[in-house]
Amino acid sequence: MKPMPKDLCNADLAVARYGPVGERWLSEMWRGDELADAVVNDTFPGSSSTDAVRVALEHGIGAVDHAPESLRELFAFLDDEPEWVDHARLDRAADALIRHTAALGVVLAAASLLRGAGNSIAGKPLVQTGRYASMPAVRSVEVGEWLRHVITPGGMRRDGAGFAYTVRVRMIHAHVRRGLYRAGIWDEAAWGVPIPQPYMAFTMAEFGHIALDAMRSLGVRLSNDDLDAIYHLWRYVGHVIGMCELNPTDAADHIRIEELYRLTSPGPDDHDREFVVALTDDYLIPELANTFPGPDAARRKVATTLVHGLQRVFLGDTDAEALHIPDTRLKYVIRAAGPALAGLGHLRMVVGGGPQRISRRGYRVRDAEMARMRAAYDVTHQLVDDAPAAPVSRPARVS
């Protein structure tokens, strides 16, 4: 086995606790995404890999003139849908999540992203591309736009927008890896490859178990069939985005990935803490404050206390302290409110006309909210690959 990245922690303990899974976690720190990486490192006379991928997504690989073998291999993989994919379950997952779109939005920002910030190695590609502590609202809109298409019935079919957006995210990752290596600033011996398979797996857990666990603390109660469908959705998203052996299939896999991520992490650094401050002060607090009545100062004060309380509940005090999140006694109230919120959630289902009607309303509310956020933060692009002066090609040196 190749020597472990120098900055990774507890490698021996990871193997002792998790056996072959721990060994795979460590070895996959050296693995990115062979298919996508080959495409972005190939030549496309008169075009670009980004343009060629978009043509192949919309019209098929046959529509790409003189497609190189790397692109043909990528789309041979993408066009060969696994036998285990069940689109009825994917649609059920979308309907189940959209019924709780407000809670999902809160936990993705206040729980999932902050869990990711507890590992300084994982954050280094964003630090070096200048998109970590800068413009958190724009990044949130970009993620929301991707999710909007993934969490939609039919979105992950081959001709669905969620499928196309997920492939584009996959290619963005490959461009970031190439840019960091070409800039000569990536310390592979210390960090492994940029955006390796283990951290891609953790991203699936961020949208899966981490989000679901935090939603449960807010009173969201999902049936076992709904949970099974949601994990199935993220398994297929992981497949399309380039996950290999570590792609999680169920809650147990997600939890194991979370544990390995934390166990082998060197912890957060100042860049991670700057990101948390930017995300909290420039995005979460203003967004929450806008939902309250009253004077601006009073609304912001209430929102600040509530956001810090939610972050403390979602992360736990130890991890919150490491990220320098202020403490508040409101965390005790939030923790105790779960059963009452669950009761209100049940009443909402009854009064709202049942799950199907609430899902239909949820899609409309979600789309309207995305339109509001795009206008509020002046976001005219879809993802970073079509953003003005996209920063993935301009990495900055950082230790």
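The values are calculated or read from the model by the stated rules, or taken from the named source; none is laboratory data. All values derive from a computational prediction rather than experimental measurement. Please note: Cβ atoms are built from the backbone with ideal geometry, for glycine as well, and neighbour counts cover all protein chains shown. Protein only, heavy atoms only, side chains kept; ligands, DNA and RNA dropped before computing areas. Shrake-Rupley method; radii C 1.70, N 1.55, O 1.52, S 1.80 Å.
Put a dot 7 Å past the Cα of Asp296, heading toward its Cβ, do the same for Ser134, and the two dots end up 2.6 nm apart.
Ligands, DNA and RNA aside, Thr101 has an accessible area near 40 Å² when probed at 1.4 Å. For the chain, with all protein chains in place and a probe radius of 1.4 Å, 54% of the accessible heavy-atom surface sits on carbon or sulfur. Approximating the spin labels as points 7 Å out from Cα along Cα→Cβ, the Arg357-to-Glu369 distance works out to 2.1 nm.
Within segment 87-130, which residues have the backbone N less than 20 Å from the label spot 7 Å out from Arg157 along Cα→beta-carbon, could you tell me? Under 20 Å, as judged by backbone N against the label point of Arg157, lie 87-98 of segment 87-130. Between Glu245 and Ala63, the simple spin-label model (points 7 angstrom out along Cα→Cβ) gives 3.7 nm.
Charged neighbours of His232, selected by a Cβ distance under 11 Å, balance to -3 (K, R count +1; D, E count -1).
Using the Cβ-Cβ distance between Leu383 and Arg329 with R0 set to 56 Å, the FRET efficiency works out to roughly 0.90. Dividing the summed -39500 (n - 2.57) terms of all DSSP H runs of n ≥ 4 by the residue count of the chain sets its mean residue ellipticity at 222 nm at -19000 deg cm²/dmol. Residue order by solvent-accessible surface for Asp159, Asp33, Asp42 is Asp159, Asp42, Asp33, largest first, with ligands and nucleic acids left out and a 1.4 Å probe. Within the shell defined by Cβ-Cβ distances under 13 Å, the residues around Leu330 carry a net charge of +4, with Lys and Arg each +1 and Asp and Glu each -1. Taking all protein chains as they are arranged and a probe of 1.4 Å, the heavy atoms of Arg158 leave approximately 70 Å² accessible to solvent.
Remark: the Glu259-Asp228 segment gains 9.1 nm on full extension, using 0.36 nm per residue and subtracting the alpha carbon distance.
Treat every Asp and Glu Cβ in the chain as -1 and every Lys and Arg Cβ as +1, leave all other atoms uncharged, and give the resulting dipole magnitude about the Cα centre to the nearest 20 debye.
On the way: 45 positive and 52 negative charges, 290 e Å.
It comes to approximately 1400 debye.
Residue-wise HN-Hα couplings along segment 265-274, as the Karplus relation 6.51 cos²θ - 1.76 cosθ + 1.60 with θ = phi - 60° gives them from phi, are 6, x, x, x, 10, 5, 5, 5, 5, 5 Hz; Gly and Pro carry x.
Taking the centroid of alpha carbons for each part, segment 272-347 and segment 133-151 are 20 Å apart.
Find the relative contact order for the chain and round it to a whole percent, using C-alpha pairs within less than 8 Å whose residues are 6+ positions apart. Each step should come with its number before you reach the end.
Values: 517 pairs, mean separation 107.0, N = 399.
This gives 27 percent for the chain.
The residues packed around Ala190, meaning those with a beta-carbon under 10 Å from its beta-carbon, carry a net charge of -1 if Lys and Arg are +1 and Asp and Glu are -1.
Here the contact order of segment 262-386, divided by its residue count and restricted to Cα pairs under 8 Å and six or more residues apart, works out to 17 percent.
Return, ordered by residue number, the residues of segment 212-246 whose backbone nitrogen is under 14 Å from a label point located 7 Å along Cα→Cβ of Leu344. Hits in segment 212-246 for Leu344 at 14 Å: 217-221.
Suppose all protein chains stay in the model; what accessible area per residue would a 1.4 Å probe give for the chain, in Å²? If you can, show how the numbers build up before the last one.
On the way: 17750 Å² over 399 residues.
Accessible surface, normalised per residue, equals 44 Å².
Segment 349-384 and segment 32-96 have Cα centres lying 28 Å from one another.
Peptides 141-149, 43-51 ranked from most to least packed give 141-149, 43-51, packing being the mean of other C-beta atoms within 10 angstrom over each peptide's residues.
Sort Lys2, Lys124, Lys301 by accessible area with a 1.4 Å probe, largest first. Walk me through the intermediate numbers first.
Working: Lys2 105, Lys124 15, Lys301 150 Å².
The residues order as Lys301, Lys2, Lys124, largest area first.
Highest first, please rank the peptides 283-293, 72-82, 346-356 by the mean number of other Cβ atoms sitting within 10 Å of their residues.
Values: 283-293: 17.1, 72-82: 15.5, 346-356: 11.5.
Ranked by mean Cβ neighbours within 10 Å, highest first: 283-293, 72-82, 346-356.
Considering only alpha-carbon pairs that sit under 8 angstrom and 6 or more positions apart, the relative contact order computed for segment 36-133 is 15 percent.
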